[in-house]
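**Student:** Quick one: the structure is below, questions incoming.
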Amino acid sequence: MAIAVGGVSQSIYPGWLNTWFGANQSCYTNGFAPIREGSPSNPRLSKPRAVMMPLRAVAFDMDGLMFNSEDVYTEVGHELLRRRDREFTKELKDAIMGLTARRSFEVMIEQCSLDDTPDELIPESEEIFIALLDRHLAPMPGLMDLLASLEKSEVPKAVATSTGRRLTGEVLSSFDLAERFDFILTSEDITRGKPDPEIYLLAADRFGLPPEEMLVLEDSHFGCRSARAAGAFVVAIPNEHTADHDFGMARFVAHSLEDRRIYEALNLASA
């Protein structure tokens, strides 16, 4: 987008954003969602143009995005299957990354030929997870600064996670973060988990915004698919467990929550 200054057209957005927008006029842009306008009866309006709308809220995934909890879940998977003389492989980990607990255990039972049911594995895994939290859990780089910048600019924010309410509460309370979010959505709030868009459509509804005005931060392929299918502006932030995932549906892939492009897309001052 440009404005005229002294008769010269000048961009009001960062160079990388304008470059991306120029090459992607027909889809969502970094930081803004296009509205198409045109009229066949008016030659000046016969060619659609894009009007950019600012992003107004942020939805955070939790595991692997806000915290290194995917490391903890990896330990849980190893211990759970060790007790059953099975191996928690990378292939299995990739297959369940971002899914709800119930769906994850359905996949695990099928791939590992277990006799257990999800209702038996879920509470056992939760106890293992909670026992590991104090020794292993840590926030991802840039999380606290980004939260502070969002709060300074009064940008609404929420958590939208595939994790259940109990473990979500345990993780967020470890760093006194629950009260800093406008709302928290967990697997108990939806009937269809990621990659279905339900959780992000619900988040947009709770924000009172159209999905295209919501920025979603995700670390997994399934999570990014979910947010993109909802119509949100998706930023992928891979971690060591998801570095080889396909993030082709994301608007851009950030190196961490400290990435300046996140701040620019939201028009935030750097922390």
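**Student:** Consider a paramagnetic label point 7 Å from the Cα of Arg83 along Cα→Cβ; state which residues of region 130-154 have an amide N under 18 Å from it.
**Tutor:** Correct set: 130-134.
**Student:** Still on this model: When Phe183, Phe60, Phe207 are ordered from fewest to most other Cβ atoms inside 10 Å of their Cβ, what list results?
**Tutor:** By the 10 Å Cβ count, ascending, the order reads Phe183, Phe207, Phe60.
**Student:** How would you rank Ser149, Ser104, going from fewest to most other Cβ atoms within 10 Å of each one's own Cβ?
**Tutor:** Listing Ser149, Ser104 from fewest to most nearby Cβ atoms yields Ser149, Ser104.
**Student:** According to a simple spin-label model (label point 7 Å from Cα along Cα-to-Cβ), what is the distance in nm between Glu124 and Glu154?
**Tutor:** Distance between the two pseudo-spin positions: 5.2 nm.
**Student:** Treat each spin label as a single point 7 Å out from the Cα along the C-beta direction, and report the Val107 to Leu209 distance in nm.
**Tutor:** 2.9 nm
**Student:** Ala269 to Met144: extension gain in nm, 0.36 nm per residue of separation minus the Cα-Cα distance?
**Tutor:** Between Ala269 and Met144, full extension yields an extra 43.6 nm.
**Student:** Give me the dipole magnitude in Debye, nearest 20, for region 162-271 about the Cα centre, with unit charges on the beta carbon: positive for Lys and Arg, negative for Asp and Glu.
**Tutor:** Roughly 160 debye, rounded to the nearest 20.
**Student:** Got a sec? How would His255, His136, His221 order by Cβ neighbour count within 10 Å, fewest to most?
**Tutor:** Exposure proxy ranking, most exposed first: His255, His136, His221.
Read the figures in this text as sums done on the coordinates, not as results from a lab. These numbers come from a predicted model, not from an experiment. All Cβ positions, glycine included, derive from the backbone under ideal geometry; neighbour counts span all protein chains shown.
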